[in-house]
Structures are given as C-alpha cells and as structure tokens.
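> Sharing a structure below in structure tokens format, with a few things to ask.
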Amino acid sequence: MLSNIETALFVLGFVQTLPLIIGMITGGFSILSVLTISHFAYFTLPKMYIEYIGLASLNGPNLSQTCYEFIYCYIAMSASYLTLRGIFKKRYSEASKISRLPISTGTSILFTIGLIGITIVMNDPNIQLSSLASLFSPIQLFLLVLLSTSSIGNSKAYQLIGLSVGSFVAFYVYLMSAFLMPAMVIAAIYFVAGCLEKKPLFLLSSLMLGAFVLVSSQTKSAYRTVSWAQNLSLSERWDTYYRLLAGDQLNEEGVLAAAILQEAPEFTIDTDALIVSKDTDGVGADKLGVLKRLNEDTMEVVLEMTPGQVPFWEGKSYEDLGYVFLPRMFFPNKPVRNIWQKFGHAYGYLDSDDDSTSVLFNYFAEAYMNFGFGWLYSLAGILGLLVGGLELFSLVIWRKPYLITYILVSIPFANFHADLTSLVAYEYYMCVLLVFGRYFIAQKQNSRHSIPFTQKTFAQLNSEKARPAPLYSAK
C-alpha cells in the first residue's frame, strides 16, 4: 500500500514523463518535454529513491503538497503552450522536420580546435579570465552543440568524433575544476538530440555521461579537497581521480584518501577531512552526502516557511532582471548577484557567517516566495508561452529548422535549479548566438538553394504539403 507521499511522487513522475512518452509514441519531441523530464530527473527521481531506501527524513516538509503544486503548474504551463501552438499551427507545421546543419570538413576541424582550445584556456588555473569567462562560456557551448549536431554529408564517423569531443570536454573540465555541471549539460544535449533523431548512439552517450556524473559524485568532495589544495598537473589530477575511485570500490571501511596520500607525499593536505565513515543507519557518509546534494527541497522549505517565518519577498529576487543582459566585460561595474546567499540565510541553509556559499532555487519556488500562489500559477502560464515562443523562434531563425538551433534553445530549460532571472539570461544569450549564427553560418547554407521563410508567398505555402505535427520529428 502506497503512502500519501509515495502516491504524490508517483502521480508527479507520471505527469512529468508524459510529454516525453507522447513524443516518443507519436514520433516527435518538444521543448516542454525537456523541461518536465529534467524536473523528473532532478526532483522526483531522487526523492523516490530516498523514500525507497527508507531515508524519508532527508526529504523536506510538505513534500506531498509540493508534488501537487508542481502538477498544477504543469497544467497551467501546458494549457498556455498548447494555446500558442494552436494559434500558430501553420507555422509549426511548416517547420516540423528538423535536420542537421551541413558544414565542411575544414570548418569542423577549425571549430573542434577552437572548442578544445577554449576549454583548456578556461580551465587553466594559471590564466585569469575575469570578465572574459562570461563571453567564452556561451561560445564554448555553441561550438559544442554545433559539432554534436552538424554533419559532413551523412558521415556517422563524424558524429562519433563529435560525441567524443563532447565527452572529452566533460571529463577534462571535471579533472581541472571538479565541477560536474558541464557533464550534465552535455548529457542533456545528447539526450535531446537522441530523442529528436531516434539515434541510439546519442542516447547511449547521454547514459554514459550520466553514469560518469553519478560515479564521480561519490568522491567529488574528496577530489575537490585534493585538487583545489594545490596547482596540480593534469597527470596528478588523473592519478588522484582514479585512485579515489579505486579506493571507494575496494576499501570496505570507506577510508579513501589516507592511504592514497601516504604514497604521494608531495600533497600537503589535511587527510582527516578525507576520512569517510559509516553512519549508524548503514549508509556510507559519502553516499549520504550525494543523496543530500541530489535532494532538492527548496520548494518544500519555501512552502513551509513563507509567509509565516519569512515574509513574502515582493519581487526582490527579480530586481536583477533589468541589467542581467549587460555583459560584464563591457559593464565592469554591473552589480554582482548575491540572491542565492540571501536565500540561503533567510531559509536557514547557511550559517550567519557564511557569505560565500550559494543555495540555488527553482523558479517555481521563487514565484511563491515573492507573491504567493497567484503568481506561482501565473508564472507557470507565462513559462508555457515562453517555451512555445522560443520553440518557434528556434525553428525559423535560420530559415530552416536545424537541430542546433532547437537544442540551444532547449538547454536552459533543462536546468531545474535556475531562478527566473538566470533562465531568462541564459535564453537571451542563446538567442543572441542564434541571431549571429544566422548570418555567419546558416545564411551561406540557405542562400543558394532555398527561399527565405519570410519571403515565401501564401501560394507557395499553401502548395506545400505541410502535415500536422503536434511534436517534432527529425530527418
């Protein structure tokens, strides 16, 4: 017999996976399914596992209410999204087939070198990028998606090379910075591409990167302690990473780093911080730490504490929307956002003297903590319109619907932990990249062989056999 919480999680999981299931059955996909499946992966699935292993105390208060609030938000979001699709049904139908962007061999080699070079430079501890990092990061993402979703003819070997380069970027960034978010983003890219094109290779690559994230999470804290202590070489970082994983698998007592560091006296690190012990419930502290990191409870906490203990924020978390679009390299005096520290202090996540740790929160939690349930459901409806509008934008901006434009617009919606300002800023940068890409890449591909979408006559549009397409399919 399922408990109330287990029932709520089951219903929520069904609602979150339903758009993807419909898309796979009908042979299509939508950005709305990217959003809901990311919520399932980051919120519902970890909580299901926590309930399954009997650590329900890790879940926050009001979990059952939180599940149903998410469901109400998805209903409002789907209603506005489908309404927009109905209004622009013909436009969606005309752009229903997504294809890969053809590029030359020389261009692909140049972009590959650029991607690897930017990745190495951005993660070199001896190079201080300061404000340039905000410029390099979108370019790195653009090149990564371009190489993963373009084609030289129909060469499968090229697709394999693109997947290999992306996997290299994910692994290299983790070795040099101990951050797993790039690997998660790349896994999301491969997942969306695999669903759109129904290519098992992309789905397999996404699963492999997901496995890499889960395995590396087991020793991420220990690896950070070691790798951040000194300016280690790449070979030293690889050796540390490999040995931590080996120790985690072989040492039944969970003592990971002490024996390793005894063989590496050049490390000057307090090994006491790396000792892992077992708790009384039989769950290793390393595993417990992973579960706590995966367990997203900000929505539960916000519902519990607002407005009783924490007054409504009344829009204070949205104050940065006015200038978030300004690049810091041109506006060095742009205020630094510290909303995540304020959130952590207000809701008891951080100690009073902790001014460096950030606590991320979801845009739904942010909506309620600012203006309550009315704005929560209103924002869900607005997000549905935003998803539909950006989806159409991605299909027509390069005059033909390309996989790269669709995925670049999808990526920000795959981030469950984004607040509204961050989500809007990410989408803004993606749209700017697509606008520039239209003239530097796509225009050359379309100028000789196709009529711009905006210049087609009504007679031409009516003569084309545009099949109804509730979701998208790829060639």
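The values are calculated or read from the model by the stated rules, or taken from the named source; none is laboratory data. Treat the numbers as computed from the prediction; the structure is a model and nothing was measured. Reconstructed Cβ throughout: ideal geometry from the backbone, glycine too, with neighbour counts over all protein chains shown. Quick note on the areas: whole protein, heavy atoms, side chains included, nothing else; ligands and nucleic acids left out. Shrake-Rupley method; radii C 1.70, N 1.55, O 1.52, S 1.80 Å.
> When the residues of segment 307-345 are narrowed to those that are open to solvent by less than 60 Å² (accessible area, probe 1.4 Å) and of a type in the set (D, E, K, R), which ends up modelled with the lowest pLDDT?
Lys334
> Mind checking which residues of segment 8-44 are open to solvent by less than 40 Å² (accessible area, probe 1.4 Å) and in contact with a Gly (Cβ under 9 Å, 6 or more places away or on another chain)?
Selection gives Phe29, Ser30, Ile31, Leu32, Ser33, Thr44.
> Somewhere in segment 31-52, is a residue of a type in the set (Ser, Thr, Tyr), within 22 Å of Arg85 (Cβ to Cβ) and not in a helix (DSSP H, G or I)? Step through it out loud before you land on a result.
Within segment 31-52, the first condition is being of a type in the set (Ser, Thr, Tyr), and the residues that meet it are 33, 36, 38, 42, 44, 49, 52.
In the following step, the residues that additionally are within 22 Å of Arg85 (Cβ to Cβ) were identified as 33, 36, 38.
Retained after the next criterion (residues that are not in a helix (DSSP H, G or I)): none.
Scanning segment 31-52 turns up no residue that is of a type in the set (Ser, Thr, Tyr), within 22 Å of Arg85 (Cβ to Cβ) and not in a helix (DSSP H, G or I).
> Return the residues of segment 71-121 that are part of a helix (DSSP H, G or I), within 17 Å of Leu144 (Cα to Cα) and touching a residue at least 12 places away in the same chain (Cβ under 8 Å); say none if nothing qualifies.
The answer is Thr105, Ser108, Phe111, Thr112, Gly114, Leu115, Ile116, Ile118, Thr119, Ile120, Val121.
> Restricting to segment 346-368, count the residues that are closer than 18 Å to Pro311 by Cβ and either open to solvent by less than 20 Å² (accessible area, probe 1.4 Å) or modelled with pLDDT of 90 or more (or both).
7
> Return the pair list, or none, for Cβ contacts closer than 6 Å from residues in segment 356-367 that are without any contact (Cβ under 8 Å) to a residue 24 or more places away in the chain to residues that are of a type in the set (Gly, Ala, Ser), at least 6 apart or on different chains.
Once the first residue is without any contact (Cβ under 8 Å) to a residue 24 or more places away in the chain and sits in segment 356-367, no partner that is of a type in the set (Gly, Ala, Ser) comes close enough.
> Please go through segment 359-394 and pick out each residue that is in a helix (DSSP H, G or I) and among the aromatic types (Phe, Trp, Tyr).
Tyr363, Phe364, Tyr368, Phe371, Phe373, Trp375, Tyr377, Phe393, listed by residue number.
> Looking at this structure, is Leu129 open to solvent by less than 60 Å² (accessible area, probe 1.4 Å), modelled with pLDDT under 75 and within 24 Å of Tyr426 (Cα to Cα)?
Details: open to solvent by less than 60 Å² (accessible area, probe 1.4 Å): yes; modelled with pLDDT under 75: yes; within 24 Å of Tyr426 (Cα to Cα): yes.
So Leu129 passes the test.
> Quick check: anything in segment 395-418 in a loop (DSSP other than H, G, I, E, B), at pLDDT 50 or above and small (Gly, Ala, Ser)? Full working, then the answer.
In the first step, residues of segment 395-418 are kept if they are in a loop (DSSP other than H, G, I, E, B); the result is 397-401, 415-418.
Restricting the remaining residues to those that are at pLDDT 50 or above gives 397-401, 415-418.
If we keep only those that are small (Gly, Ala, Ser) as well, we get 418.
The answer is yes; a qualifying residue exists.
> State yes or no: is Ser216 closer than 19 Å to Gln140 by Cα and assigned to a helix (DSSP H, G or I)?
So Ser216 fails the test.
> Which condition breaks for Leu201 when tested against (1) at pLDDT 80 or above; (2) under 26 Å from the mean Cα position of the chain (by Cα); (3) open to solvent by 30 Å² or more (accessible area, probe 1.4 Å); (4) more than 30 Å from Met430 (Cβ to Cβ)?
(4)
> Which one of these does Val396 not meet: (1) touching a residue at least 60 places away in the same chain (Cβ under 8 Å); (2) crowded, with 20+ Cβ neighbours inside 10 Å?
Evaluating Val396 over (1) touching a residue at least 60 places away in the same chain (Cβ under 8 Å); (2) crowded, with 20+ Cβ neighbours inside 10 Å leaves (2) as the failure.
> When you go through (1) buried (at least 19 other Cβ atoms within 10 Å of the Cβ); (2) over 26 Å from Gly344 (Cβ atoms) one by one for Leu379, which number turns out not to apply?
(2)
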